[in-house]
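The values are calculated or read from the model by the stated rules, or taken from the named source; none is laboratory data. Remember, predicted model here, so these are calculated numbers, not experimental data. A quick note on method: Cβ atoms are made from the backbone with ideal geometry, for glycine too, and the neighbour counts reach across all protein chains shown.
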4 protein chains.
Amino acid sequence: MNDPLQPLIDSLRQFADERNWQQFHSPKNLACALSVEAAELLEHFQWLSEAESRTLTEHKLVAVREELADVFIYLLQLADKLGVDLVAAAESKLAANRAKYPVEKAASSSKKYTEF
Amino acid sequence: MNDPLQPLIDSLRQFADERNWQQFHSPKNLACALSVEAAELLEHFQWLSEAESRTLTEHKLVAVREELADVFIYLLQLADKLGVDLVAAAESKLAANRAKYPVEKAASSSKKYTEF
Amino acid sequence: MNDPLQPLIDSLRQFADERNWQQFHSPKNLACALSVEAAELLEHFQWLSEAESRTLTEHKLVAVREELADVFIYLLQLADKLGVDLVAAAESKLAANRAKYPVEKAASSSKKYTEF
Amino acid sequence: MNDPLQPLIDSLRQFADERNWQQFHSPKNLACALSVEAAELLEHFQWLSEAESRTLTEHKLVAVREELADVFIYLLQLADKLGVDLVAAAESKLAANRAKYPVEKAASSSKKYTEF
């Protein structure tokens, strides 16, 4: 029942509190920042082929890891502000996806469930 | 040492395997999907004032929780593909941010560290 | 009937041709780049209040103008690849929006038409 | 000297005025909406290969054309609010890009100019 992410969430809360940044961290602003970081992550992949994206150079991987961290940090902060337990929310969504994408229909297809 | 997110990561891996979806899940495509979901999350906030975003209706919160889950799911899948431990990456980044944004310089300011 | 954007489109095509960049400019990649540039534009606004965003400093406006240009450039290149006339497409969309958002229903409301 | 996009810009201004929507159309909000629409455009490409993205079905192209229009509409509205002439801004940027990416260095390479 304990959220395994709680220690990290607490650290992020303290980090923002110490800098008096909660005033900037409205859910709207955090959602903007999350989108911006997701795009900075995408930027590393935009001119790569899919094959190249599967075999990143070590140099690129270091940069990508930082962007993954930024996305995760804003995601945690936004979920924290809204009182959402991310792991529980992901598990609910995964259960819903199992129903929407039954193996026999979805196998080897990238179609959206509304297109079956 | 144990990744607290491992059970969820394993479930996501199994979900994709059962549907033979790994072929679509190149890091490049997952980075696209992550950006798209982050924007779907942002869509819920785009016309709200910051104050309104701090007091979402229950109805809106349910929808937002689903989008948070979608972002988290793609983030976990992408990190898994690249062998990145998200919690460890976020902790490293937070340590780096503590150095870049010392309390005495960053307090109550939304400036980027390059603008100090 | 002449596309008023044609001279600019021609210049962009020549720019890419001279550098042998058409190989990278698949519609998928251009759509990624467009999303990335739109987020770089958003980055300038993420911590501003709405009121602040209405009165940008001259310094900020110069940077924002460059990002607007980047978004426009990728949008033109993507539309060109797909044979889409942007002005005609926007006029069609605007006509459709007039029907979806009749003045008497949409006045002073930020609701999506599906929520009327 | 005349902005070839002025008639469309005027129509968009009138559309928003008639619905009393200028109150929602702060530059910050328009930047959010632009990012969201760019992602909706990207969504159509996220699971396609680059080759598939070069040969869209007619059905898909119709949907993509609508998203291109949405991106263009928000881009025009944002530029209008900020007093930016998009065509002039794109031409300046293209001139700057010619200097940053000289043909002999940039040919057949997707590297960023900072990586030359």
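Here is how the numbers come out for the structure above:
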item	result
Some residue of the stretch C:53-70 being under 13 Å from residue D:65 (Cα atoms) and aliphatic (A, V, I, L, M)	no
The stretch A:35-63, subset facing chain C (nearest Cβ under 8 Å) and in a loop (DSSP other than H, G, I, E, B), residue farthest from residue B:89 (Cα to Cα)	A:47
Odd one out for residue C:84 among (1) assigned to a helix (DSSP H, G or I); (2) within 19 Å of residue D:57 (Cα to Cα); (3) of a type outside the set (Lys, Arg)	(1)
Residue D:11, sole failed condition from (1) touching a residue at least 12 places away in the same chain (Cβ under 8 Å); (2) facing chain C (nearest Cβ under 7 Å); (3) assigned to a helix (DSSP H, G or I); (4) over 13 Å from the mean Cα position of the chain (by Cα)	(1)
Residue match in the stretch C:94-105 (condition: more than 22 Å from residue A:43 (Cα to Cα) and either aromatic (Phe, Trp, Tyr) or in the same structural domain as residue C:25 (by TED's automatic domain parsing) (or both))	yes
Unique residue being touching a residue at least 24 places away in the same chain (Cβ under 8 Å), more than 16 Å from residue C:46 (Cβ to Cβ) and surrounded by 21 or more Cβ atoms within 10 Å (Cβ to Cβ) when the list is A:48, A:76, A:42, A:30	A:76
Residue C:23 being of a type in the set (S, T, N, Q), in a loop (DSSP other than H, G, I, E, B) and in the same structural domain as residue C:66 (by TED's automatic domain parsing)	yes
Residue B:4 vs. criteria at the interface with another protein chain (Cβ under 7 Å from one of its Cβ atoms) and surrounded by 21 or more Cβ atoms within 10 Å (Cβ to Cβ)	no
Test: residue in the stretch A:98-108 that is within 30 Å of residue C:23 (Cβ to Cβ), more than 7 Å from every other protein chain (Cβ to nearest Cβ), surrounded by fewer than 18 Cβ atoms within 10 Å (Cβ to Cβ) and hydroxyl-bearing (Ser, Thr, Tyr)	no
